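The values are calculated or read from the model by the stated rules, or taken from the named source; none is laboratory data. All figures in this text were calculated on a predicted structure; none of them were measured in a lab. Every residue, glycine among them, receives a Cβ derived from its backbone with ideal geometry; neighbour counts consider all protein chains shown.
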Amino acid sequence: MVTLEQVEKLREYANISYEEAKLALEETDGDILEAIVNLEKRNRINRPEGGGSFSSDKTKEESQEKNTKAGETTYTKSEGSSFGQMVGKLFRSLGEIVGKGNRNTFDVMKGEDRVMTIPVTIMAILLLFTFWVTIPLVIVGLFFGYRYRIIGPDLGKENVNKAMDSVADAAEKFKDEVKGDMKDGKDSDN
């Protein structure tokens with residue numbers, strides 16, 4: 001069923017008669033956009049210049065309405081993003097981050113053998129929620145000869161892995177120094 005409001009909108013927008021607007025809307029079951037497309041195809045209304053498209057949104061000038069109430073002047077703007085669009089954008093961004101985290105892995109190595117592989121997303125979750133367990137385990141692992149690498153198309157950069165190797169080397173050096181002190185200490189007691 002076509003309403004008078006729909007006919008009025010189409011009539012004003014397309015600059016056509018009420019009768020023609022009503023017929024166009026009846027053909028499309030009240031779909032204004034479809035009615036505009038059909039009117040374009042029949043050359044009843046001009047297509048936008050420059051290959052643009054029609055929009056049912058008001059233009060910027062029309063969307064800035066001036067409201068005057070008892071000497072009060074306020075301006076309302078209908079442009080910008082709605083809350084739903086912002087939430088959608090946030091979830092898309094989070095999805096991209098999680099996707100990168102799943103494509104890249106945190107590998108635990110013992111010598112040349114790969115002991116364990118964890119997606120970076122899982123490692124980040126472990127660090128966020130159980131950092132008091134995860135960080136000490138990683139540090140203790142360094143002293144037992146484990147090395148860590150990040151491998152993948154997004155995060156597997158040499159700089160990151162060089163930094164992790166230098167930390168592992170420092171832990172190995174510290175461990176050797178402690179062992180040396182222990183041997184020297186035992187030898188001097190005997």
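Points to keep in mind about this one:
- Test: residue in the range 140-148 that is exposed (fewer than 11 other Cβ atoms within 10 Å of the Cβ) and closer than 30 Å to Lys179 by Cα: yes
- Top-ranked residue in the range 141-157 [being part of a loop (DSSP other than H, G, I, E, B) and touching a helix residue (DSSP H, G or I) at 6+ places or on another chain (Cβ under 7 Å); ranked as nearest to Asp113 (Cα to Cα)]: Gly152
- Residue in the range 107-115 that is of a type in the set (A, V, I, L, M, F, W, C) and outside any strand (DSSP E or B) present: no
- Test: Val138 is within 25 Å of Asp165 (Cβ to Cβ) and either in a strand (DSSP E or B) or of a type in the set (Lys, Arg) (or both): no
- Among the numbered conditions (1) assigned to a helix (DSSP H, G or I); (2) modelled with pLDDT under 85; (3) within 25 Å of Pro119 (Cβ to Cβ); (4) out of contact with any strand residue (DSSP E or B) (no Cβ under 8 Å at 6 or more places or on another chain), the only one that Val160 does not meet is (4).
- Boolean, Asp169 is surrounded by 12 or more Cβ atoms within 10 Å (Cβ to Cβ) and in a helix (DSSP H, G or I): yes
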